[in-house]
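Chemist: Okay, here's the structure, questions in a sec.
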Amino acid sequence: MLAVAAHQIIDQESREVSTIPVELPDHLNLFVDQSAERAGFANASEYIVALVTAASEKQGEIDQALMTGIASGPAEPWTDDEWQAIKSRVVSKGID
């Protein structure tokens, strides 16, 4: 394994920066370097910060959707027709 350069993660609220050393096997190190270059990042650290930021934002969206669902009231059972409609949509997309 090769050690990837330490990555700086910036806390968006406090603007504090902490360093996280990351060790990757050679093939993943190469993947990160190539992906960072292809995406226009200056280095692997910037690329990884962008990935972590995107994951954090996506988790926030998921959390919000869950809270919206909880706040919408009690769940109602689906009918056989509703289940069949879902199955038909999935089958039409070629997903088993």
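Chemist: Can you give the FRET efficiency to the nearest 0.05 for Trp78 and Lys58, using r as the Cβ-Cβ distance and R₀ = 35 Å?
Modeler: Details: r = 27 Å, r/R0 = 0.77.
Between Trp78 and Lys58 the formula returns 0.85.
Chemist: Sticking with this one: Please give the net charge around Glu46, taking every other residue with its beta carbon less than 14 angstrom from that of Glu46, where Lys and Arg add +1 and Asp and Glu add -1.
Modeler: Working: positive: Arg38; negative: Asp33, Glu37.
Neighbourhood net charge equals -1.
Chemist: With a point put 7 Å past each Cα toward its Cβ, work out how far Asp26 is from Ala50 in nm, to one decimal.
Modeler: Between Asp26 and Ala50, the label points sit 2.7 nm apart.
Chemist: On to the next question. Packing-wise, with mean Cβ within 10 Å as the measure, how do 69-81, 49-61 rank, highest first?
Modeler: The peptides rank, most packed first, as 49-61, 69-81.
Here, each number is a calculation from the coordinates, and none is a lab measurement. Please read all numbers here as calculations on a predicted model, not as lab measurements. Because the Cβ atoms are built from the backbone with ideal geometry, glycine has one as well, and the counts that use them run over all protein chains shown.
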